[in-house]
């Protein structure tokens, strides 16, 4: 593969997702009636699909089991992204994620069977080191093991490709190394930031400053329905989220991945970080109004129109 200025490599998790939404108030220690749905997920897979539907040339680097679920994933993936770097691992189960949502569509609890990602380590990254040179942008989620992240960050410095890190959960922050100097961008939520710094700090703008002092070039911190904080060498700022009425909220799963994708798309188009955050909020707000973790009817021109409409609606000024 030759270098392509619009080519993005996404590294991390690729799962089968099972969603169960309660039909009434959840009662513990008994059977609850639900609506269920199976879909394809994983943080980086969702980000990759979002970006591919937004007219980006995306490759996925991940692991699936040598099983029926892995075959199903590969068949789906190849419809919209390059899967030449998807490794099939013998005697391992493809990653699976189970989300249980209450009657309002908010997640109550989730379960993950993702032991296959224990193999996403230094040796795996080293084995693909030459492949990394073929991409303009590399994005990784924190399902990759710490040794793999150390190697990936080292390669980004020595080979001068920009690296973006996307948070997965508080516990997965242990996979992010202490030395993150010159990391191009990190997108995390407040809880993940608190976990990494082992702090109870509630102010996301202060948390942004902590990331910048670690040597990260750009940081974005989400905090549910509260303001999104972000910062770079120009300063630290915040924007109010785009609020979606409860009656229009269908499923919040995938909102964070949609947000990350919008931010990355805008930065790829040389937008300022403030505008990139707004792109992310628009994609997230539209995503939670549909059943899918990634909007199947989304395309680039439609999304730009959504951004423009929301700019007028919320009086956003660039």
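The values are calculated or read from the model by the stated rules, or taken from the named source; none is laboratory data. The model shown is predicted, which means the values in this text are computed figures rather than measured ones. Here the Cβ positions follow ideal geometry from the backbone for every residue, glycine too, while neighbour counts run over all protein chains shown.
At-a-glance table
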quantity	calculated
In the range 63-90, residue farthest from the chain's Cα centre (by Cα) [restricted to those that are farther than 20 Å from residue 292 by Cβ and part of a helix (DSSP H, G or I)]	68
Condition check for residue 230: part of a strand (DSSP E or B) and either modelled with pLDDT of 95 or more or out of contact with any helix residue (DSSP H, G or I) (no Cβ under 7 Å at 6 or more places or on another chain) (or both)	yes
Unmet criterion (only one of (1) under 17 Å from residue 311 (Cα atoms); (2) touching a helix residue (DSSP H, G or I) at 6+ places or on another chain (Cβ under 9 Å); (3) modelled with pLDDT of 95 or more) for residue 285	(3)
Residue identified as buried (at least 16 other Cβ atoms within 10 Å of the Cβ), at negative phi and in a loop (DSSP other than H, G, I, E, B) among 298, 286	298
Failed item in (1) touching a residue at least 12 places away in the same chain (Cβ under 8 Å); (2) not in a helix (DSSP H, G or I), with residue 109 passing the rest	(1)
Tally, over the range 126-173, of residues that are part of a helix (DSSP H, G or I) and over 30 Å from residue 199 (Cα atoms)	8
Residue that is in a loop (DSSP other than H, G, I, E, B), in contact with a strand residue (DSSP E or B) (Cβ under 7 Å, 6 or more places away or on another chain) and either buried (at least 16 other Cβ atoms within 10 Å of the Cβ) or free of Cβ contacts under 8 Å to residues at least 12 places away in the same chain (or both), where the choices are 93, 31, 59	93
Test result for residue 224, touching a strand residue (DSSP E or B) at 6+ places or on another chain (Cβ under 9 Å) and in contact (Cβ under 8 Å) with a residue 60 or more places away in the chain	no
Residues located in the range 57-73, provided they are under 20 Å from residue 296 (Cβ atoms) and at pLDDT 95 or above	57, 58, 60
Residue in the range 190-202 that is farther than 30 Å from residue 101 by Cα and in contact with a strand residue (DSSP E or B) (Cβ under 9 Å, 6 or more places away or on another chain) present	no
